[in-house]
Amino acid sequence: MSIASIGYLRIAATDTAAWMTFGTEILGLMDARREDAAGARFLRMDDHPFRFMLEPGDADELLATGLECRDRSAWLELCERLRNAGHSLEEGDTDAAARRCVTAFVTLQDPSGNTLELYYGRRLDYAPLVSPTGVKRFITGDEYTGDLGFGHAVLPTPDMEAAATFYTELLGLGVSDELYPPMPEGAPESKVLFMHADNPRQHSLALYNHPFPGGVVHMMVEVSCLDEVGRALDRAKAAGHTILASLGRHINDNMCSFYVLAPGGIAVEYGYDGLLVDWDNYTPTVSTEGDHWGHEYNFPG
C-alpha cells in the first residue's frame with residue numbers, strides 16, 4: 001500500500017485571521033507560528049509541524065491534500081507508477097518542500113481535478129502541543145498504531161468510477177465502506193466511497209459522487225474523549241458558528257461527532273471514538289444508512 005496517511009491540507013481563505021480564530025478557539029488547535037513569505041498561517045495538532053496550512057486567497061477552498069508515503073522508495077515507486085499510467089507530476093523545488101516541512105513532493109490532479117501532493121520525509125516538531133482550549137490530545141497515532149494522519153477528508157469526484165480506479169489501483173488505498181445514503185424522492189443517487197491508507201483508521205479519504213462547493217465535502221479531526229466533543233460543540237454554538245449536524249454516531253467508522261461550518265464555508269467534523277481496524281481480518285461493507293443515531297443535518301440554503 002503506497003499511502004501511509006493523510007498528512008495535511010492546504011486551504012485558501014479569504015480571511016485567514018477568522019480561520020485561525022476558529023481553529024484555535026473552537027477546534028482547540030495550536031497556532032504553529034511559522035514564518036511564511038506568502039502570509040500563510042499554520043495550525044498544529046501533534047508533533048507534525050502543521051496539519052493545516054491556511055493561505056490568503058480570493059476564494060475559500062481546498063487547495064491541496066497532502067498524502068504521505070512511508071519512505072523514499074515507496075514514493076519513487078508510486079511516482080513511477082503514476083507516470084507510466086499517463087499522469088503528469090510536477091516536482092516541488094527545495095523551497096516549496098521546506099515550506100511544507102517535507103523531504104520531497106510531487107503535485108498532480110486526480111480524475112476529478114482535485115489537487116494532491118504526494119510526499120515523504122516529514123520533518124517533525126517535538127515541542128509540546130499546547131491547546132488554547134485545553135484539548136489534551138488529538139487522535140493522530142501513537143507507538144501502537146503509528147501515524148494515523150490528521151483525520152480524514154471527503155473529496156468531490158463526479159466521475160466516481162475513474163476516481164475509484166485512480167485511488168485504489170494507482171495510489172493503493174483500500175476500500176473500507178460504500179455508503180448509499182437515503183435521498184429524497186426524485187433526487188439523484190448519492191454514493192460515498194470510504195478508503196483507508198496503510199494505518200488502522202477506518203478511513204483516511206472518501207469520495208463523493210457529486211460536485212461540491214469549496215472542493216471538499218468535509219474534513220475531520222478527532223479528540224480523545226466525548227467531553228472534548230461536547231465542549232467544542234458548546235464553544236461553536238456560543239461563538240455563533242453554524243452547526244451543520246447535531247451530535248450523532250456514524251455506522252461505518254463508529255465516530256461520535258458533530259459538524260460545524262468554518263469561516264468561508266468548509267465543513268469540519270469534530271469527533272471521538274473512531275474505529276481502528278485490523279485490515280488482515282476485515283471485510284469491506286456496504287451501508288444504506290449513515291448513522292446509528294443523531295446527526296440531524298441542517299445545511300444553509
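The values are calculated or read from the model by the stated rules, or taken from the named source; none is laboratory data. Please read these numbers as outputs of a predicted model, since none were measured by experiment. Ideal geometry is used to build each Cβ from the backbone, glycine not excepted, and the neighbour counts take in all protein chains shown.
Overview of results
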item	result
Wholly enclosed strands (runs of 3 or more DSSP E) of the range 200-301 bearing at least 3 residues modelled with pLDDT of 95 or more	205-208, 218-223, 243-250, 256-261, 267-272, 291-294
All positions within the range 134-156 that are out of contact with any Asp or Glu (no Cβ under 7 Å at 6 or more places or on another chain) and of a type in the set (S, T, N, Q)	T145
Residues located in the range 178-205, provided they are under 18 Å from I6 (Cα atoms), charged (D, E, K, R) and in contact with a Leu (Cβ under 8 Å, 6 or more places away or on another chain)	R201
Residue in the range 173-189 that is of a type in the set (D, E, K, R), touching a helix residue (DSSP H, G or I) at 6+ places or on another chain (Cβ under 8 Å), free of Cβ contacts under 8 Å to residues at least 60 places away in the same chain and part of a loop (DSSP other than H, G, I, E, B) present	no
Meets criteria (within 19 Å of L155 (Cα to Cα), aromatic (F, W, Y) and either touching a Pro at 6+ places or on another chain (Cβ under 6 Å) or surrounded by 15 or more Cβ atoms within 10 Å (Cβ to Cβ) (or both)) for Y272	no
Residue in the range 144-167 that is in contact with a Leu (Cβ under 8 Å, 6 or more places away or on another chain), part of a strand (DSSP E or B) and free of Cβ contacts under 8 Å to residues at least 40 places away in the same chain present	no
Out of R70, R51, R123, sole residue that is on the phi < 0 side of the Ramachandran plot, surrounded by 22 or more Cβ atoms within 10 Å (Cβ to Cβ) and among the basic types (K, R)	R51
Tally of residues being under 18 Å from L193 (Cβ atoms) and loosely packed, with under 13 Cβ neighbours inside 10 Å across the range 285-301	3
Which listed residue, of G151, G113, G134, is over 21 Å from A74 (Cα atoms) and surrounded by 20 or more Cβ atoms within 10 Å (Cβ to Cβ)	G151
Selection status of R122, assigned to a helix (DSSP H, G or I) and in contact (Cβ under 8 Å) with a residue 60 or more places away in the chain	no
Candidate set: the range 196-235, residues that are charged (D, E, K, R) and farther than 19 Å from A262 by Cα; chosen: the one farthest from the chain's Cα centre (by Cα)	D227
Flag for C101 being at positive phi and hydrophobic (A, V, I, L, M, F, W, C)	yes
